[in-house]
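Below is one structure, written out as structure tokens, with a few remarks after it.
The values are calculated or read from the model by the stated rules, or taken from the named source; none is laboratory data. A quick note: this is a predicted structure, and the numbers were derived from the prediction, not measured. Accessible surface is based on the protein model in full, side chains and every heavy atom, while ligands, DNA and RNA are left aside. Shrake-Rupley method; radii C 1.70, N 1.55, O 1.52, S 1.80 Å.
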Amino acid sequence: MEGDDVVMATEESTEADLDDMKRRLREMEDEAAALREMQAKVEKEMGSVQDPAAAATSQANRELVDSRSIFVGNVDYSCTPEEVQHHFQSCGTVNRVTIRTDKYGQPKGYAYVEFLESEAVQEALLLNESELRGRQLKVTTKRTNIPGMKPYHPRRSNPFMQPRDPFMAPYFFAPYGYGKVPRLRMAMRYNPYY
């Protein structure tokens, strides 16, 4: 009799375990569906890069904003955005002033000023070489960066550099200048032409 009770208890526990596993599987599937939905929503909000029409409008918006912006170089490191805004207020309505900083939060010494009107850019260019906090500002129009385009700077050869033999070890000097003989031996060891 006791053996029958054990077998029935085992069957009931396996059915309960099976139901519990099915319930957990449904929960995981629901969570996965919710995650896929959230991912699609985020991609839609971020404006996926795969959509060329959205990328073109984004680039056009950037070019429009950059046509109303100027680059200000040689800005004093302790200068605030409010001071830069006040300096260029006579040109037109300043929409935004951005002073770029490095990864430690220290100013890099240049700023971007965005105006509401594109005519204000020409007025601001007249303030080139004007002084702010005792420094002459360098004012130019802001250029538009093209994504993925990096300027290529080929490596120039040095006409004074001697061509190196790839199998020749570098010439080593003896430390502390112990005379010519050790250096000559070292040169003879590494240079087969001695």
Completion exercise
Once amide hydrogens are built 1.01 Å from N within the peptide plane, the residues lying 5 or more places from Arg96 or on another chain with amide H under 5 Å from its amide H are Glu114
Handout entry: Accessible-area value, Arg24, 1.4 Å probe, nucleic acids and ligands omitted, Å²
Key = 120
